[in-house]
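Below: the structure, in structure tokens.
Every number here is computed from the coordinates shown, using simple stated rules; none is lab data. Just so it is clear, the model here is predicted, and its values are computed rather than measured. Virtual Cβ from ideal backbone geometry, glycine too; neighbours counted across all protein chains shown.
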Amino acid sequence: MNGIRDGAWRMWFDNGHIAQQGFYKQGQIDGTWTSYFMNGKVDKISVWENKKIKKWETFYTNEKKEFLMEFGEGLSDTNFLFIQRIINEIDKAKLKFMISTQMEGLVKDTELQKYLSKQHNQMLEKQYKEYAKTPQSKEKFLEIADWMKVTLIGNVLKKNEKEGVVFYYNYTGDLIQEAHYINHSEEKRYINQYRKHKLITQYNYVNENLVFKCEWTNKKQTNFKVTGYYIVGAVEYTGQFKQNKKSGTWKYFDLDGNLKKEVGYKNGVLKSEKIF
């Protein structure tokens, strides 16, 4: 219509399979768009409204879902393209690592770095050094890379004051991470990590700062370790639960990292307290 795209739109691969199809509304992408692999299987699905993307799904070549993202009020095409860049860059780093087992380069991109907080960078550097020494370094590194995808995507949403949810699945279709981002008077989010259908770790953030971490240690998820953090990043306390009850020694620290109190529990009952 007058040189402006409007209505249904379809593109094909040279082999005759549909490459992409969707709708335009007065020259703008609108509604549901679907992209395909060359074999005809679905690659990506996006939903657009008022020039913003509201939902995005990606799939592995075996037709299992990889990502599901919902962006609340919608995300601009510029920020959406940056999220795609994040995923592509980390996937390239993972491929390089699988070939050469070199851990360098994952967070060297300066554009990506600005979406990682100082705290995130410190955590990653520490993990790199630890995992480089272990026989399981390859598996651990790939877990870190996948964790970074969700973290960086969340920070794009946060910096642009968007609400959203991100679900990330492995190649066999198991949910391995989910992240929820909420912007009201203060920005809050939590990230869950899964292994073999079980929740293993949860991170809670307020205004970019990690404030709480929980690590489950048994299959029934009744035993878990917890760590609380001051808003500046220093550890405030550590403790554990057994059968969903406080257990063992809980330690409390001041802002400088000095131990200030130890509290002992058994079956949820306070047994001892020592002040330093």
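Some notes on this structure:
- Whole-angstrom Cα spans of segment 147-276 along principal axes, big to small: 45, 33, 21
- Stretch gain in nm, segment Val232-Asn267, where the contour uses 0.36 nm per residue and the Cα spacing is subtracted: 9.4 nm
- When each of Lys25/Lys94; Lys213/Lys274; Lys25/Lys64; Lys55/Lys246; Lys52/Lys196; Lys55/Lys242 is checked by Cα-Cα distance, pairs over 29 Å: Lys25/Lys94; Lys25/Lys64; Lys55/Lys246; Lys52/Lys196; Lys55/Lys242
- Extending 7 Å from the Cα toward the beta-carbon at both Phe23 and His180 defines two label points whose distance is 3.1 nm.
- Note on Asp77 and Asn15: the extension gain reaches 19.4 nm, defined as 0.36 nm multiplied by sequence separation minus the Cα-Cα distance.
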